[in-house]
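One structure is given here, and the rest of the page talks about it.
The values are calculated or read from the model by the stated rules, or taken from the named source; none is laboratory data. Since we're looking at a predicted model, the values are computed, not measured. We place every Cβ from the backbone using ideal geometry, glycine too, and count neighbours over all the protein chains shown.
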Amino acid sequence: MKILVGVKRVVDYNVRIQVKPDGSGIATNGVKMSMNPFDEIAIEEALRIKEAGHAAEVIAVTMGPKVAQEQLRTALAMGADRAIHVETDDDIQPLTAARIFKALCDKESPKIVLLGKQAIDDDNSQTAQMLAAISHWPQATFASSITLDGDKATVIREVDAGLETLSVDLPAIISADLRLNEPRYVKLPDIMKAKRKTIDTFTLDELAVEPAPAIKILKTSPPAKRQAGIKVESVDELVAALKEKGLVK
Amino acid sequence: MSKVLVIAEHDGTTLNGSTARAVSCAKELGLDAIDIAVLASDGCSVSEQAAAISGVNTVILVENPANEHAVSALLAPQIEALSDGYSHLLAPSTTFGKDLLPRIAAHLGAPQISDIMRVESARVFDRPVYAGNAIITVEAPEGIVIGTVRTASYPVAENGGSATIEKRELSVELPSHTQFVELSSGGGEGRPDLQAAATVVSGGRGVGSEENFSVIYGLADKIGAAVGASRAAVDAGFIPNDHQVGQTGKIIAPDLYMAFGISGAIQHLAGIKDAGTIVAVNKDADAPIFEVADFGLVGDLFQVIEELEAALG
Ligand SMILES: Cc1cc2nc3c(=O)[nH]c(=O)nc-3n(C[C@H](O)[C@H](O)[C@H](O)COP(=O)(O)OP(=O)(O)OC[C@H]3O[C@@H](n4cnc5c(N)ncnc54)[C@H](O)[C@@H]3O)c2cc1C
């Protein structure tokens, strides 16, 4: 059984991003880039499934410019067996990403596709669900636990009301939430070993993927700033301030 | 004629308040009609609540035993069947809407606009990216416009409406590949709902333990507040996941948000940007939470809560 895992190159989660003054986007020059944290969790989960004897191969997939191969190398260093890079300089939106994954599923026939529940740059949270839709496969999003049993997976999902358990037939698409696991650290020898692993490259044309209708970004602006507040010296002062605003009785 | 279909979120008996917030967003589109789709096993009470929201024209009720639990793989084909003739399709950006709507959009071959926070025109919207640290203005391409509504950006639409309720039978085949097993909620019954409460008392890693969280609950109960938490507090097992506030938890807009022992990471702040007044109590005077707090108090949270309880006595 194969597991396909999505890996997206994003601005590192610790970076305080800056909106460009001309509204054309955010400043990325010299900014630290990393693997989307949710994708790191997805890779980790795939590796654990393989280590438990339920999968034979973990394949990491990214789409984007050449430099995105850095994130594939990280995935390979963590333990993925091989990688696929769909090379494009275009902005890939979720529906097109889903179509690319679908084309790769047709090629590789994985039993599980594990994606992050959202990318921390566009915060869309769509690709897993869209891939499930066009594949007519089950989806189990926002997963905090995955248990495999033959041709089925039992997935605990983090939902607004608490924890929901679904049972899905494989093949299925699962999206990883934060509490699914804690990703391993990569060690230097693994980074060396990863250099010898294969990365196959495709273009959208080679995969016969038609880009989906796209949403046009007209401008990027900084968010409204909250007014800076004050420090109070005591609980009495705090309570008086809140009472004045009618926020406590 | 252009009209919008809003997908109702409910638990079988009660319409979730996020639906009426999505209706508030729908009103700003300036279309000819606003309809609500209620998919349920026995949807009478939910459809009546939906029909009472002012500004709604028709509530379309689809009753099917398969709709007892909201399983997206089963709901999606039914909504697709209903979507014919609509120019817009909206759902709240809750875990319900986030899970369901992309599945519908992909089948219809349309992109989705997630977390609509402002309507500029029927095709142009603002939405947050990078945990709310940038806002993009986007234009939907030709065809049906599909979007989730950032509920913290919209008020609950008022009641007073009297929409028509129209029962609909659908002959769509539903897949059998996905089975609902169970839903376990993290407790907190009897306390206000985190996403609807006027006041939220929240605890972070600084609270220290599950036992210590009783002081957070104690203060919340005293002032009738809902209880929230940071990711660190949830990860550490102090409190169940459904209390998490932030980029990947709940995005809330209470009148008063009180943060105890929370440092103020950008991912946490993403969830409280729309709060009316933010109070932060932290023993570290340099904690970033103070940069957004209206009232900051440097001190030990346990001592502060004790004094607060006495003062609010
Ligand atoms: C992809 C991603 C998504 C994330 N999503 C979220 C999210 O949705 N929500 C979220 O909250 N986080 C999220 N995080 C995590 C976030 O980055 C922070 O790690 C987290 O918010 C920290 O929680 P905290 O403030 O409770 O803990 P800490 O940062 O450890 O802060 C604890 C604070 O408590 C104070 N303190 C300790 N003891 C006391 C005391 N006795 N009295 C007063 N103050 C005290 C300390 O001074 C400190 O400031 C996410 C992270 C990533 C990478």
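If you check A:Pro65 against the conditions, is it out of contact with any helix residue (DSSP H, G or I) (no Cβ under 9 Å at 6 or more places or on another chain) and either at pLDDT 95 or above or within 15 Å of the ligand (Cβ to nearest atom) (or both)?
Judged against the criteria, A:Pro65 is a match.
Residues to consider are B:Asp126, B:Asp221; find the one that is outside the structural domain of B:Gln303 (by TED's automatic domain parsing) and either within 25 Å of B:Ala280 (Cβ to Cβ) or of a type in the set (Asp, Glu) (or both).
B:Asp126 is the lone residue from the list that is outside the structural domain of B:Gln303 (by TED's automatic domain parsing) and either within 25 Å of B:Ala280 (Cβ to Cβ) or of a type in the set (Asp, Glu) (or both).
Can you tell me which of (1) in a strand (DSSP E or B); (2) more than 11 Å from chain A (Cβ to nearest Cβ); (3) surrounded by 15 or more Cβ atoms within 10 Å (Cβ to Cβ) is the one B:Gly161 doesn't meet?
Among (1) in a strand (DSSP E or B); (2) more than 11 Å from chain A (Cβ to nearest Cβ); (3) surrounded by 15 or more Cβ atoms within 10 Å (Cβ to Cβ), B:Gly161 violates only (1).
Only one of A:Ala224, A:Ala214 is in a loop (DSSP other than H, G, I, E, B), within 14 Å of chain B (Cβ to nearest Cβ) and modelled with pLDDT of 95 or more. Can you tell me which?
Criteria check complete, one pass: A:Ala214.
Being at pLDDT 95 or above, within 21 Å of B:Thr94 (Cα to Cα) and near the ligand (Cβ under 9 Å from one of its atoms) is true for just one of B:Gly271, B:Gly264. Which residue is that?
Going through B:Gly271, B:Gly264 in turn, just one is at pLDDT 95 or above, within 21 Å of B:Thr94 (Cα to Cα) and near the ligand (Cβ under 9 Å from one of its atoms): B:Gly271.
If you check every pair at least six apart or on different chains, which have Cβ atoms under 7 Å apart with a residue in region B:188-210 that is within 12 Å of chain A (Cβ to nearest Cβ) first and a residue that is within 14 Å of the ligand (Cβ to nearest atom) and hydroxyl-bearing (Ser, Thr, Tyr) second?
B:Val200/B:Tyr257
For region B:243-257, give me each residue that is more than 12 Å from the ligand (Cβ to nearest atom) and either more than 11 Å from chain A (Cβ to nearest Cβ) or touching a strand residue (DSSP E or B) at 6+ places or on another chain (Cβ under 6 Å) (or both).
Within region B:243-257, B:Ala253, B:Pro254, B:Leu256, B:Tyr257 qualify.
From A:Ile215, A:Ile230, grab the single residue that is among the hydrophobic types (A, V, I, L, M, F, W, C) and touching a residue at least 12 places away in the same chain (Cβ under 8 Å).
The conditions single out A:Ile215.
Table: residues versus (1) farther than 21 Å from A:Leu166 by Cβ; (2) assigned to a helix (DSSP H, G or I); (3) under 20 Å from the mean Cα position of the chain (by Cα).
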| position | (1), (2), (3) |
| --- | --- |
| B:Val38 | yes, no, yes |
| B:Val46 | yes, yes, yes |
| B:Ala50 | yes, yes, yes |
| B:Ile60 | yes, no, no |
| B:Ala70 | no, no, yes |
| B:Ala73 | no, yes, no |
| B:Pro77 | no, yes, no |
| B:Glu80 | no, yes, no |
